Amino acid sequence: MAGLGDLHEPIPVDVVEYTLFPSVPANLQHEHIDDWLNDKLESYLTQLSPDVIKYLWQKESFELRPVRPKGYIPACLQGKTNYGGNIDDEWFIVYQLFQLTKMSHGLIASVQDDDGEFLLVQAADFLPKWLEPDTAENRIFIFNGELHIIPITEYPAQKNSSSEQTLTLTDALRCIRDPKIQTKASPQIQNSIKKKLNMFPEKANENLHFANCYIPTSVAAVLEQNPTLVSPAVEAFYYRDPIDLQACRTMKIFQQEDMVIYRVKFTRYMYAQLLQQDFQPDRRSGWTLPSKTNPQFKQDDLGLKLAHGFEILCSRSGSKNYNINGHTSFNESDSRWQRYLKSLTEKGFFQNVLEGSRYYKVLLEEAKSFYTEHFANHKSTKKEAGDTILQLLESSPYSMEDFKKKEHSLPLADDDSWLEISPDELDQLLHDTVGKNTTNTSQQDTFDLSQITENMKSFVNNISSVEGAEFPEEGDDDDDKEVQFDGMGFIHAMQKMFDFPEDKDDDSDDMDEYGWEEDDSEDEFNPSKFKLNKPKTKIDTKMKHYMNEMDRELAKTEMGKSFEKTPKPAKVATKPQPNAKPKPKPKPGVSAKPRKTQNIDDEDDDFRPVNIDLTLVKNTLESYSAQQGLPGPATNILNSMGINIPKNTDV
């Protein structure tokens, strides 16, 4: 994590880390820092709880823990979440951070994942050119519900400094809070990120999928008390290994008996993971599946996979005898819990449900679980999901008859047609995401093939650097033109280093032939006294002749035949001029004067020059067609140049 390297190791894959920097009071004494951080922790989690508790996480939930000041790192609250590949969880956390900094005065937040400052990727088209991974350290923050970027040249302490890119975290936070320094990102960057964030919190509900599953009553009883346990169960089944499957041979805990139909809440990501895997149970387990043509196959298949996931979790548990080990009762008289419960009620967490009702008790248990994990035990090791399942089975009685009665009132399972997507829907999705419509018919009608050749020539003629080549629309600043290299001059200078004796005159000076002028005003060596003049026409003519001859030889090869050729112009017959003098015959013993080099187009053979533009367009379109709509070199280069080739409507 940029700027917080002293706190933890490099960020693993599929993990997002976030840090909250409250404004520390100037008069806060060192011995009171822990209490102050705990108060901030309670305040922030209370504000986020209504959304965070109800959210169904893919793998790990949102969390915060206090971090004491150390060195240049101030007192802060830090958390990390493994989102298990579901990037919606990551962006939901980002949404919460933006909302929290908007509600909490002086609060600054930062967030990174294994890609670094991933927020910048969302606004990559509008970032300043200096902003790169190497220069972004301690410069990207969330403040007052907006993204802030500390400019590389505007922070006073770093101006005219050789280390202007190494901004300390303490100075960075001070810079963000300083109203005299403009750090708020441009409107284009803000809009790009808010376009993603504006989908929340509604998207959290849109991503849910309810399915009716045929499961053992024990599984239904566990999910009734803790619906979030579906997440580790799906993950355990999806990432099962041979050791896990050993526990599924006997299914000691969740056998195929006392079966009921129960409505399970998944995310779309979890549902797809569970549904798309083909799985046949071990014969020794006693589990069977109906035929795939059976209308009940889907609910039976989902229930079987879910039960196997629960069995795997319990097999990993350290509690071998299915009792409550080390469990302490919840202290409802705790003043901190009472404040937290009152705040949840005021924020509408219980949705005006009658106190003491079944749904109220479910919400209350969720709140207790969240409070215990984030407030009371933030220093302790998290309880394994298998331990929680075994504890619920042991401590909570359940009745199969109660679940059987509920089967008659179960709503239909959600439609899962969203698993299939048509080409038109994919185009619309790309249009909504990228902002470009690749199927615009007006673009097809006005597309000019010359754009390919013009942009490609501009790309080739651009000056590259050690960081790579720049595309035509980039690198127009004057700063990029400090170093100029005369390519043709270098080539001509190298040509003159080779000896062509047939073109040298005996009375010509070597330095004159090479096109150099020497200043004899100084005896000592001075590189500046040598000046390279414009190459002589004789050399240009000779090289052109060599290149023409080379083209003629290559034209006969298979490679030469693959190029598109310029049509050979028709020869125009010339009429003899009246009163024209006949050419004199050469005298005996005198060799005829060598004829002048002919133009390559005047030869009598079938040679035709290569049409470079037509060859370039043909090869580019063939490469584009071979990609069959998938990403590839042709589309990558053309899109970087701003060229979008329309669909081929002829096929």
Virtual spin-label span in nm between Ala124 and Lys54, 7 Å along Cα→Cβ: 3.5
Accessible surface, 1.4 Å probe, highest first, among residues Lys195, Lys40: Lys195, Lys40
Computed E for Ile243/Gln276 - FRET, C-beta separation, R0 22 angstrom, nearest 0.05: 0.40
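Report the FRET efficiency, 1/(1 + (r/R0)^6), for Gln29 and Asn144, where r is their Cβ-Cβ distance and R0 is 25 Å, rounded to 0.05.
Details: r = 28 Å, r/R0 = 1.13.
After rounding, the FRET efficiency stands at 0.30.
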Euclidean distance between Cα centres, region 183-202 to region 255-318, Å: 40
Burial order of peptide ranges 79-86, 122-129 (average beta-carbon count within 10 Å, highest first): 79-86, 122-129
By average C-beta atoms within 10 angstrom, highest first, the peptides 344-354, 384-394, 173-183: 384-394, 173-183, 344-354
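Just to verify a number: FRET efficiency for Asp171 and Met547, C-beta to C-beta distance, R0 = 56 Å, to 0.05?
0.40
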Amide N proximity, region 188-211 versus His431 label position 7 Å along Cα-to-Cβ, cut-off under 12 Å: none
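Full-extension gain between Arg316 and Lys196, please, as 0.36 nm times their residue separation minus the C-alpha to C-alpha distance.
Result: 39.4 nm gained on full extension.
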Ratio Rg/Rh, restricted to region 177-277 and using Cα atoms, in which Rh is the Kirkwood radius: 1.24
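The values are calculated or read from the model by the stated rules, or taken from the named source; none is laboratory data. All values derive from a computational prediction rather than experimental measurement. Heads up, the Cβs are rebuilt from the backbone with ideal geometry, glycines too, and the neighbour counts pull from every protein chain shown. Note: areas computed on protein heavy atoms with side chains; ligands, DNA, RNA excluded. Shrake-Rupley method; radii C 1.70, N 1.55, O 1.52, S 1.80 Å.
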